[in-house]
Each structure stands twice: as structure tokens, then as C-alpha cells.
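Student: Before we start, here is the structure in question, set down as C-alpha cells.
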Amino acid sequence: MTPHSASNITLSAWRSRFLLGLLLLGFFGLVGRAAYLQGNDFLQKEGKSRYSRIVETSERRGMITDRRGEVLAISTPVASVCADPRKMEASKEQLENLAVLLKMDITEIQARVSDKRRGFVYLKRRVLPEAAESVAKMSVPGVFLKNEFQRFYPTKEMAAHVLGLTDIDDRGQEGVEREWQEKLASELGKRRVIRDRKGQIVEDVEKIRAARQGQDLVLSLDSGIQYLAHSGLKDAVEKNKAKAGSIVVLDAQTGEVLGLSNLPVYNPNRRTTINDTNIRNRALIDTFEPGSTLKPFAVAVAMEVGQVNPDTVVQTAPGTLRVGRATIRDVQDKGELTVAQIIQESSNVGTAKIALALPAQTLWEMLSRSGFGMPADIGFPGEAKGALRPYKTWRPIEQATMSYGHGISASLLQLARAYTLFTTGGELKPVSLLKQNSPTMGQQVISRATALAMSNMLELATQPGGTAPLAQVNGYRVAGKTGTAHKLIDGSYAKDRYISSFIGYAPASNPRLIIAVMLDEPSAGQYFGGAVAAPVFSRVMTGALRMLNVPHDAPANNIVLFPATPEVEIEEGIL
Amino acid sequence: MAKLNIVLVLILIASALSVVTSQHKARSLFVALENEQETARQLEVKWGKLQLEQSTLAMHGRIEQIARVKLNMKVPTASRVQIVTLNHPADGSDSESVRKP
């Protein structure tokens, strides 16, 4: 063989070209296929899901604090165990482990994930952090954790009615939680990110929605005063075997609610204790016929129009007054009383006589402008507006009974608020559950002189000859009014069931606090407002004034012991 | 001409590599940022728990109970309290007496 022999073999040119053409064809085929696959949505999605994820960030719901920043409601993170039934693949053993960790029945878990069309189910909500961690470690495909928040109320039942409740999805259901839901609520954030092989987020692609933390809410409550009010009320309800009770503490100058409590109550951290009875915020949503605590308003307007002054003498003998076919009664025949004594001794006949001499419209305007018959606008769901009928439909007897608090109904908060007339020199202050940072503007209802004169008369009620010696507070001058009313049940007055109340304020020289106490059906023997409600007032007021460092306006040991004047006031309306 | 091409190729390679490194740096910095944010979140969670704990421990009822029972304390009666007013001479019944600052 010579080296030349190989080179002599010549292949025809078309063969190489054919091969080249074949290769090119194959190459273009691949390019075409690649280009075609680019447009395939399914593959696009699968590809992206290898690195791109949508991450949810949850923020906590806003805190609720009292006026001094003490926490009343706070959200803490908990984990919920969720599953995606479409993706879930768990071995028998894993299922058993899950069941143990979640303290659930294995069949229950299987039932929850049985619907393969659903992409999301909760296996168990709000599990303990340790259990959640163990579940995460098991890394069962299709089972994952979701961070959620649980609401805690560290003060337990103390402020339960004001604060209200949230549901399992952290939305407000009752009370402040519901009223200020928009402000308190947090917003879930969503963003698309790129993850690397280790699952770490390496790049933010886009923010789909920004997360927003709920704003904190500062209430007007003072947790110290709230505690005093709640514990004082609780003891009184127990001691007097009352069916229910409410207490409202207002700042006498700004109308802020410093304390508000009702019994029965529930523990908001234990939802199973809640029922229809104990969930009611009675002081705000329930109304009652206030009884004698309303007398100052009728008398004040009579003074305002110049019909009487504190020293005007009114004949209340013989202790009864016939109006039409009905009779208004005092417990005793008191003979001639001055207007001041009518308030001090709480005479129905005297008040009715004064009220009957007034034009109906004048009395109606006074009551209406004092906030009766319209909601106090405190911003609480379901707030009562009470009943004040238009004066054109009044009969004389109704005008008479209304002057001592019958045939008219109000919530305890409305009553307490109306007393701002006497603490601010005639202004009706707006009430508020939120802390006010600037002085509030009220509406002038009666003149300063009338308000002061009425205040002096109300002070007499706690002085010898008055109905409420037990409302006295050591070191301070106290003004107030008792009320004991037969309860209205199914349209008639129950003979042996009472609503006992006391509304008062101190120090009388420069009022700081208004406290209104109401006990429903005290049944341990005592039922006069001066005997069951006034001591609560005294106890709470003593503690609260000390807490606020209010200077004394009377010498210490100013308490005068004397028997309470037999109340002339247990009265009933005339139906 | 060939020389210029070589230089351009070298520059191209250098810039390509620097793109890779800077991307890598950006990513690791981002991971660090994410970690810090996670820490911040966890600290906030902890803060919330501590707040809850504090308010539970500082409940007025609990404090009163401890003060009364354990420490045997009493609320002073008004007769044992002396209130000092600033600027005003002691004048208990004065209706204009100032509020304590």
C-alpha cells in the first residue's frame, strides 16, 4: 500500500452536503422545539415554582392599652397546622404521629383531608409552640404551619365588657374590638420572592400587598380605677345577692370613661364561659327607669326658669298627691319642705308638684338636652338610647312621674353623663372611651348659678337628714342622689323587686369624678339605694381620689354617722 | 485587528465575571437582610410575650393581694394622710385649691 492509495479514493461531494444538511435539519428541529416549549404555560409554571414563591407576612393586631399605657389586650403569635389535601402524602405512621401531636383522632384527620378538590384545610388551629415545632420537623408533604395570632386579655374579666372580643380570625366581634376594628386590624402582606436551593430568600421580585401592623388604641380607662370599680361592685353584688350590677366612673370635667364594669361577667380568655347573660354590657346597652336619680333635672329646670329657688317652700302634706285618677305617694308625710329638702329627702310629691307647674315642653327640653332619649355616642356597638316620649303625648300624670324618673328610661352611662351638668357648671360633656388629649367642649344646658345651687342641694343628701350617709368619703365633700325603684317587669311594677342606684361626685368643691352605681334586684334584705349602692360609691371614690392625688376639700374625719332618713323615694310609676 | 479582538474578549470575560460576583454578593447580602428581619420579628414576638407576662404579673388584684396578705400592708385612712399643696397655705376647705401638679 502506498500513502497515495487512500487519497485516491474520492467520495462524491453530495454525500458530505447531505450529511451536513441532515445535521442542520436536526439542529433546527431542536431549536424549533425549544422555542415551542417556551410558550408552554405548564412548563413555565413548573419552572417558576422551582425558585419563585409567594410569601405571606402576617402582622399583629393593634394593642389596646389604658390611659397610662398598661396593656389591656394584646396579640401573641401562635401556629395553626394546615394541610393541602391535593398534595398531602402521609404514611400510616406519620398520620399516627400527627394525631398524637395534635391530640386528635386519626380518623378525624383523615376526614378533614378526604376532599381532594380542596387546596387548604385547617387540621388544628392555635396549637402550642412546641407541638407546632414537632409538626414542622416531621415535614410531611402537604402539611404546613400557618402563623396566626391569638388575643389575650391580661386583666381577665376586669375590663371584659368594654374591650369586647375577637373571633378566631382575629376580627372584632364585640365592644371596643368591634367598634375600632378597622384601626386595630392588621393587614396580611404578600410578596413574590426567589428562593435558592437551601430555601433561603435571595431576591424580592415584587410586593403584591404591603403588610400593615394594626394600630394601637389608647382607651380612656384607668386600670387602677377600673380595678377598684370592678372589685367594689363585685363585693356589693355578692353581699346583696343582686342579680346584676353596673358601675360607671367618669372624669367629671372631660367626660372620659375611667372605669366601667358590669356583673355578671365572663373571662375573655376562656370563651366557653361566655353566655347570653354575662356578655351584656348592661351599663351601655340596657336601660332602666332611673327613679329618684332623675329628680335633680326637673328641679333644676324649675330653678332655671325662675319658678322656684332652693328656699321655696312646697307643701307635701299629706304625703300623697292625686293626679287624675292616680296617686303619687311619699313613704311618710313630711309636711312643708323647702326645695333643697325635697332633693335631700327625695320627696316624690314635692318633685311632682314642682314638675306639674312647668310647661311640658320645658321639662322635655331639659331632659332631652341632658342627653336622655338619645345615644351618648360613645362609639359602642348596640348602645342604648333610652326612651323619652315626645311631650305632646304626655298626660299630666306622666309629666309628674317622669320628674321622679318613671315613664322614662336611660342607661347608666346616660345618667352618669347627665350629672356632668352639676360638675361642670351647667355643661353636658360628651362621653368618650378613648383618651382625650385636649379639653372637651360641652353644651351649656343650665346656667352656672343653677348648677351650683343644685350641687349644694345634692351635697345635702349625704349630710344629716339625707338619704345617703353611707356615700360619705373621708376628707372630701360628696354630692349625690340615691334611687330605689320598683322594677318594671312585663309592663307592671314588681312589688318586691328593686333597682337600687346611686349617682354622685366628689370633691364637691371641684369635682373630679362622677360615679354611678346600679344594682339589679338586691335580695339580701337591704334594697335602698342609700344602703346598697352608696357604700360602693364611697369605697370606689375613696380609692380613686387617693390614686389621683386629689387634695382634700374637707377636714379628715368629716364623716358624720347618722341614720339614713327613711327614703321617701321607693316609688313606682303609674301605668 | 486581531489584537483588538483579543482585548475586547478579555474585557467581555472580565465584565461577565464581575456581573456574576456582584449578583452573588447582592444575594448573600439580601439573605443577611432577610435573616435580620426574621430576628427582628422574633424579637417583637418575644417583646409581646414579655408585655403579656408583665401585665399578668402587674395585675392590680394580684398586687393588692400580695400587699395585704403577704406584706401585711394597709391603705392609710384619710386622717393619716397629710396633703401638701404647693404655693397654697394649708386651707383644706378652699374651693379654689389647686390640683396637684
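Student: Run the dipole for region A:347-451 about the Cα centre, Lys and Arg Cβ at +1, Asp and Glu Cβ at -1, nothing else charged, and hand back the magnitude in debye, nearest 20.
Tutor: 80 debye
Student: Would you work out which of A:F18, A:P522, A:L163 lies farthest towards the positive end of the dipole of the protein assembly as shown? Charges go on Cβ: Lys and Arg +1, Asp and Glu -1.
Tutor: A:F18
Student: Only counting other Cβ atoms within 10 Å, I'd like B:M1, A:M63 sorted with the fewest neighbours first.
Tutor: B:M1, A:M63
Student: Looking at the protein assembly as shown, send over the antiparallel percent of its DSSP beta bridges, to the nearest 5.
Tutor: 95 percent
Student: Ok, one more. Helix A:13-38 sits at what angle to the longest principal axis of chain A, using alpha carbons and giving 0 to 90 degrees rounded to 10?
Tutor: Its long axis makes an angle of about 10 degrees.
Student: Given only helices, namely DSSP H runs of n ≥ 4 each adding -39500 (n - 2.57), what is the per-residue ellipticity at 222 nm of chain A, to the nearest 500 deg cm²/dmol?
Tutor: -9500 deg cm²/dmol
Student: Please report, in debye to the nearest 20, how large the charge dipole of region B:11-80 is about its Cα centre when each Lys and Arg carries +1 at its beta carbon and each Asp and Glu carries -1 there.
Tutor: Roughly 560 debye for region B:11-80.
Student: What is the local net charge at A:T287, summed over the other residues whose Cβ is closer than 15 Å to its Cβ (Lys, Arg +1; Asp, Glu -1)?
Tutor: Result for the local shell: +2.
Student: Can you give me the relative contact order of chain A as a percent, contacts being Cα pairs under 8 Å and 6 or more apart?
Tutor: 14 percent
Student: Please average, across the residues of B:7-17, the number of beta carbons from any other chain that are within 10 Å of each residue's own beta carbon, and give a whole number.
Tutor: Taking all residues of B:7-17 together, the mean is 0.
Student: About the Cα centre, and with charges only on the beta carbon of Lys, Arg (+1) and Asp, Glu (-1), how big is the dipole of the protein assembly as shown? Nearest 20 debye, please.
Tutor: That gives a dipole near 2960 debye.
Student: Fewest to most neighbouring Cβ within 10 Å: what's the order for A:M518, A:M88?
Tutor: Ranked by crowding around the Cβ, least crowded first: A:M88, A:M518.
Student: Return the sequence-ordered ³J(HN,Hα) values of region A:220-227 in whole Hz as given by the Karplus equation 6.51 cos²θ - 1.76 cosθ + 1.60 applied to θ = phi - 60°, using x for Gly and Pro.
Tutor: 7, 4, 10, 5, x, 5, 4, 5
Student: Now for a different question. Let a ≥ b ≥ c be the square roots of the eigenvalues of the Cα gyration tensor of the protein assembly as shown; is it rounded (a/c under 1.5), or, if not, prolate (a/b larger than b/c) or oblate?
Tutor: In terms of gyration-tensor shape, prolate.
Student: Run the reach check for A:K183 against aspartates and glutamates, Cα to Cα strictly under 15 Å, same-chain hits fewer than 8 apart removed. What comes back?
Tutor: A:E59, A:D170, A:E174, A:D216
Student: Continuing with this model, one more query. Would you be so kind as to identify which of B:Q54, B:S15, B:V31 lies farthest towards the positive end of the dipole of region B:11-80, taking Lys and Arg as +1 and Asp and Glu as -1 on Cβ and the Cα centre as origin?
Tutor: Positive-most Cα among the choices belongs to B:Q54.
Student: As I understand it, the dipole of the protein assembly as shown uses +1 on the Cβ of Lys and Arg and -1 on the Cβ of Asp and Glu, about the Cα centre. Which of B:V69, A:L233, A:S292 lies farthest toward its positive end?
Tutor: Selected residue: B:V69.
Student: Moving to a separate point now. Could you work out the local net charge near A:V113, counting Lys and Arg as +1, Asp and Glu as -1, over the other residues with Cβ closer than 11 Å to its Cβ?
Tutor: So the surrounding residues net to +1.
Student: Sorted by average packing, counted as other Cβ atoms within 10 angstrom per residue and highest first, what order do A:348-355, A:103-110, A:53-60 take?
Tutor: A:348-355, A:53-60, A:103-110
No value in this document is a laboratory result; all are computed from the given coordinates. Source: prediction; values computed, not measured. Positions of Cβ are generated from backbone atoms using ideal geometry, with glycine treated the same way; all protein chains shown enter the neighbour counts.
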